[in-house]
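Shown next, in structure tokens, is the structure this report addresses.
The values are calculated or read from the model by the stated rules, or taken from the named source; none is laboratory data. Computed from a predicted model, the values in this text were never measured in an experiment. Methodologically, a virtual Cβ is constructed for each residue, glycine included, from the backbone with ideal geometry; neighbour enumeration extends over all protein chains shown. Calculation scope for accessible area: heavy atoms of the full protein, side chains included, ligands and nucleic acids excluded. Shrake-Rupley method; radii C 1.70, N 1.55, O 1.52, S 1.80 Å.
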Amino acid sequence: MSAAQLGWDPAMKIYLPISNAIEPSYKVVNQFEGADGAGRYNIHWIIDVVNKGKVEQYVTVSIISNRRSAEISARSTVVYEVIKYNERKDSKE
């Protein structure tokens, strides 16, 4: 079975700013490297958004709201601040 068939969202990938790599999250489970340190709230995601038939990529900068996101038994919403991937600054600068 493919990763998508197993429940992984192919439109969401992890961006590793230090190594400038983009990987599916199931491949880098213990290698999160946020620009502001390690940890679940410092993960930068690449999100593919289809707009008028064209895929645009956005990278998360920070979490604006993560209310109830740690609860397994209820609905939750995570709100991110994002920028277009091709407009980001190089983290090494």
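Among the residues making up the stretch 57-80, those that are at pLDDT 65 or above, over 11 Å from the mean Cα position of the chain (by Cα) and not hydrophobic (A, V, I, L, M, F, W, C) are Ser65, Asn66, Arg67, Arg75, Ser76, Thr77.
Of all residues assigned to the stretch 41-56, at least one qualifies as being in a helix (DSSP H, G or I), open to solvent by 90 Å² or more (accessible area, probe 1.4 Å) and at pLDDT below 85.
Here is a check on your reading of the model: is Ala21 touching a strand residue (DSSP E or B) at 6+ places or on another chain (Cβ under 6 Å), surrounded by 12 or more Cβ atoms within 10 Å (Cβ to Cβ), modelled with pLDDT of 85 or more and among the hydrophobic types (A, V, I, L, M, F, W, C)? When the stated conditions are applied, Ala21 does not pass them.
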